[in-house]
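Worksheet: one structure, shown below.
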């Protein structure tokens, strides 16, 4: 992380009231921002990213299949899925003794695709 210098801070304190008044109402409140941050935290793990991509591609997979796809143990995969489920990014259904997971909605995959596009843009 870069250190702060005088070049990246205001040298005088002034609030542009028109910009504040126009922008502030469109900013999420602290509670919603916290939920958004928690969702991003859930995606801040390479294993969970791979699980999301697998589910986006296949639609629905059981824990055993997901573990094989992401090359992780079933226990580790189940743990990662629990984190994703707690954050509302995936959901599951039981069919007998098998748990099948899927993305909660298409927004999860869209968000990840946008991040991947940004990552490609940064490589140029």
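What follows draws every value from the coordinates through simple rules; no lab data is involved. These numbers come from a predicted model, not from an experiment. A quick note on method: Cβ atoms are made from the backbone with ideal geometry, for glycine too, and the neighbour counts reach across all protein chains shown.
Just a few scattered comments:
- Gain on full extension, evaluated as 0.36 nm per residue between residue 93 and residue 56 minus their Cα-Cα distance, stands at 11.7 nm.
- Taking other Cβ atoms within 10 Å as a rough exposure proxy, 112, 61 sort from fewest to most as 112, 61.
- Residue-span extension gain [residue 82 to residue 41] - 0.36 nm each, minus C-alpha spacing: 13.4 nm
- Full extension of the chain between residue 102 and residue 32 yields a length gain of 22.8 nm, computed as 0.36 nm times the residue separation minus the alpha carbon distance.
- Given R0 = 30 Å, the distance between the Cβ atoms of residue 13 and residue 110 translates into a calculated FRET efficiency of 0.15.
- Label corresponding to Rg/Rh (Cα atoms, Kirkwood Rh) when calculated from the structure given, among (i) 1.01; (ii) 1.14; (iii) 0.94: (ii)
- Placing a label point 7 Å from the Cα of residue 64 along the Cα-to-Cβ direction, the residues of region 82-124 whose backbone N falls under 20 Å of that point are 82, 92-102.
- Helical contribution to [θ] at 222 nm, DSSP H n ≥ 4, -39,500 (n - 2.57), averaged over the chain, rounded to 500: -18000 deg cm²/dmol
- Beta bridge orientation in region 6-123: antiparallel %, DSSP, nearest 5: 100 percent
- Counted by neighbouring Cβ atoms within 10 Å, the residues 13, 19, 82 run from fewest to most as 13, 19, 82.
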